[in-house]
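The values are calculated or read from the model by the stated rules, or taken from the named source; none is laboratory data. From a predicted model like this one, the values you see are computed outputs, not experimental measurements. In this analysis, Cβ positions are derived from the backbone assuming ideal geometry, glycine residues included, and neighbour counts consider all displayed protein chains.
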């Protein structure tokens, strides 16, 4: 773990550096508050900062306040070094600024214990953040394909409709259905069907634009939301997706499965609601399937 030292007194600074290296920490050494603040703004900023209270430029308390005002995850743990009397004064005036205080002169083992506690707190915070992120992904993504789930794509569609209205640009919704998925499940088993869904999702995702959004809508269907995409662009995108899906068979266990898809397209943005675009794409998809599958149909054409 990287630890920043901000200490203007050369002997104390060198002693801190030697101790931290001995205890296995990576060390970033600075000699005043301004230099420390610059180091703490880097993308690889240290997770622990040991700041002397009295320094040239910004003092330790000012650096603390800058950290707290501009802090973004992951958080920086701040240990402030100062005189014993200053700590007693700080209890009422600055207790919420730093995470911990250590009086000078300090014993090396006391500093080591404080850093060990800081490291445990940082690790616990990282675990909590990872758990939050896992929960967020679990509630917004489909676990089988890693795509957005149905509720998330509807929320994205609402946002894109508002954007399309502001920019007066078209917005396309493509509903994609894997042809004969039910028969694949019956003939090869549901594990094979899951593998087909994952591979179809991968192929479609490789075809759409970076700023398009895609979800597993359920039942072998995917939804693609394409901003700034008119009828011609949506039809062209649908044909690319269809060609990508059917260009090569999928090897599942001991079988080669050649997939085709049907697509329904609805284009709107300025005068359509989210449910209207979804319903339009769904109706167009049903028409594509009635017309023999392996094709794309455009709603309101």
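Scanning the range 217-227 for residues that are more than 20 Å from the chain's Cα centre (by Cα) and either at pLDDT below 95 or under 14 Å from residue 261 (Cβ atoms) (or both) gives 217, 218, 219, 220, 221, 222, 223. Tell me which residues, restricted to the range 50-75, are in a helix (DSSP H, G or I), touching a helix residue (DSSP H, G or I) at 6+ places or on another chain (Cβ under 7 Å) and under 18 Å from residue 125 (Cβ atoms). Result: 67, single match.
Does residue 78 meet the test of being in contact with a helix residue (DSSP H, G or I) (Cβ under 6 Å, 6 or more places away or on another chain), part of a strand (DSSP E or B) and under 18 Å from residue 126 (Cα atoms)?
Numbers: in contact with a helix residue (DSSP H, G or I) (Cβ under 6 Å, 6 or more places away or on another chain): yes; part of a strand (DSSP E or B): yes; under 18 Å from residue 126 (Cα atoms): yes.
Yes.
Those residues that are under 20 Å from the mean Cα position of the chain (by Cα) and farther than 16 Å from residue 176 by Cβ, I need them from the range 190-216; list them, please. So that I can check it myself, show each step before the final result.
Step one: filter the range 190-216 for residues under 20 Å from the mean Cα position of the chain (by Cα), giving 201-202, 205-206, 208-216.
Answer for the range 190-216, where residues must be under 20 Å from the mean Cα position of the chain (by Cα) and farther than 16 Å from residue 176 by Cβ: 210, 211.
Please work out if residue 57 is within 32 Å of the chain's Cα centre (by Cα) and on the phi > 0 side of the Ramachandran plot. Here the answer is no, as residue 57 does not meet what is asked.
Quick grid of which residues meet (1) modelled with pLDDT of 90 or more; (2) farther than 30 Å from residue 132 by Cβ:
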residue	(1), (2)
1	no, no
66	no, no
70	no, no
75	no, no
90	no, yes
97	no, no
107	yes, yes
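Residues that are at pLDDT 90 or above, in a helix (DSSP H, G or I) and over 22 Å from residue 109 (Cβ atoms) are absent from the range 12-33.
Annotation note: Cβ proximity below 7 Å between a residue of the range 135-158 that is outside the structural domain of residue 198 (by TED's automatic domain parsing) and a residue that is assigned to a loop (DSSP other than H, G, I, E, B) and surrounded by fewer than 16 Cβ atoms within 10 Å (Cβ to Cβ) (sequence gap 6+ or interchain) occurs for no pair.
I'd like to verify a number: residues in the range 173-200 that are under 16 Å from residue 262 (Cβ atoms) and assigned to a helix (DSSP H, G or I), how many? If you could, list the steps in order and put the result at the bottom.
Applying the first criterion (under 16 Å from residue 262 (Cβ atoms)) to the range 173-200 yields 173-184, 196-197, 200.
Add one more test, that the residue is assigned to a helix (DSSP H, G or I), and what stays is 181-184, 196-197, 200.
Summing the residues that are under 16 Å from residue 262 (Cβ atoms) and assigned to a helix (DSSP H, G or I) in the range 173-200 gives 7.
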